[in-house]
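As structure tokens, the structure follows; a few thoughts come after it.
The values are calculated or read from the model by the stated rules, or taken from the named source; none is laboratory data. Every value quoted in this text rests on a predicted model; they were computed, and no experiment measured them. A quick note on method: Cβ atoms are made from the backbone with ideal geometry, for glycine too, and the neighbour counts reach across all protein chains shown.
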Amino acid sequence: MPTQENTLPSGVARGPWRCRSTRLVYENPWIRLHHDEVTTPAGTAGIYGRIHFRNVAIGIIPVDTDNHTWLVRQHRYVLGEDSWEIPEGGSPEGENPLDTAKRELEEETGLKANDWELLMRLHTSNSVTDEEALIYIARDLSTGQMALEATEDIVARRVPLTEAVRMVLEGRITDSLSVAGLLKAAWVLGLEV
């Protein structure tokens with residue numbers, strides 16, 4: 001299940017850190033930004049900005065019987081460029097992450113899967129955010145119905161999983177969920193790159 005926000009009550013020690021005060025600076029339906037006044041591990045006064053993502057990040061690596069996968073290309077507003085990635089989405093609080101993965105796979109690639117396995121859990125940038133990501137391998141694929149959201153301009157492409165891993169190693173795939181997931185999938189499946 002999606003994790004709850006990692007709250008830091010004032011005056012409470014977190015390992016070698018102590019949060020002296022915290023205030024909410026900004027929030028929208030996807031994130032919350034906090035500004036904390038802290039005491040550092042060295043005992044000095046400092047500040048810390050924390051971002052809480054309200055959704056658990058979900059990544060899916062569909063793998064067919066020929067060890068091919070599907071990548072999606074979409075324009076990433078923040079980067080100002082196109083990005084090749086595994087199918088991804090956000091699992092809102094209260095929704096089963098596997099249900100989110102199934103929905104996102106079909107919406108972004110037009111595929112359904114009968115066999116699902118949790119491949120890994122990771123934290124995307126743990127120096128500033130508590131965002132958690134879950135990545136699944138999806139097998140026993142069949143055709144579904146692609147249904148893009150208004151914010152998505154996606155092109156899906158079937159490629160050999162080994163080619164997707166080469167794209168990671170050559171720096172053509174830089175999305176953190178995709179990099180970690182594709183490398184681990186190739187290792188778990190015993191593929192040579």
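Some notes on this structure:
- Here ASP140 fits the description: assigned by TED's automatic domain parsing to the domain that holds TRP70 and either touching a Gly at 6+ places or on another chain (Cβ under 6 Å) or without any contact (Cβ under 8 Å) to a residue 40 or more places away in the chain (or both).
- Test: residue in the range 150-160 that is at pLDDT below 95, more than 15 Å from TRP84 (Cα to Cα) and either surrounded by fewer than 17 Cβ atoms within 10 Å (Cβ to Cβ) or not aliphatic (A, V, I, L, M) (or both): yes
So that you can scan it fast, the table gives a plain yes or no per residue for (1) modelled with pLDDT of 95 or more; (2) outside any loop (DSSP other than H, G, I, E, B); (3) within 17 Å of SER178 (Cβ to Cβ):
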| residue | (1), (2), (3) |
| --- | --- |
| ASP64 | yes, no, no |
| VAL72 | yes, yes, yes |
| HIS75 | no, yes, yes |
| LEU79 | no, no, yes |
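- Sole residue being over 12 Å from the mean Cα position of the chain (by Cα), in contact (Cβ under 8 Å) with a residue 24 or more places away in the chain and over 30 Å from TYR48 (Cα atoms), chosen from GLU85, GLU117, GLU93, GLU149: GLU149
- When the range 149-164 is filtered for residues that are of a type outside the set (Asp, Glu), outside any helix (DSSP H, G or I) and over 14 Å from ARG73 (Cβ atoms), the ones remaining, listed by number, are ALA150, THR151, PRO160.
- Complete set of residues in the range 96-114 that are in contact (Cβ under 8 Å) with a residue 24 or more places away in the chain and either part of a loop (DSSP other than H, G, I, E, B) or acidic (Asp, Glu) (or both): ASN96, GLU104, GLU106, GLU107, GLU108, GLY110
- So ASP66, is it closer than 23 Å to LEU191 by Cα, out of contact with any Ser or Thr (no Cβ under 9 Å at 6 or more places or on another chain) and either of a type in the set (Gly, Ala, Ser) or surrounded by fewer than 16 Cβ atoms within 10 Å (Cβ to Cβ) (or both): yes
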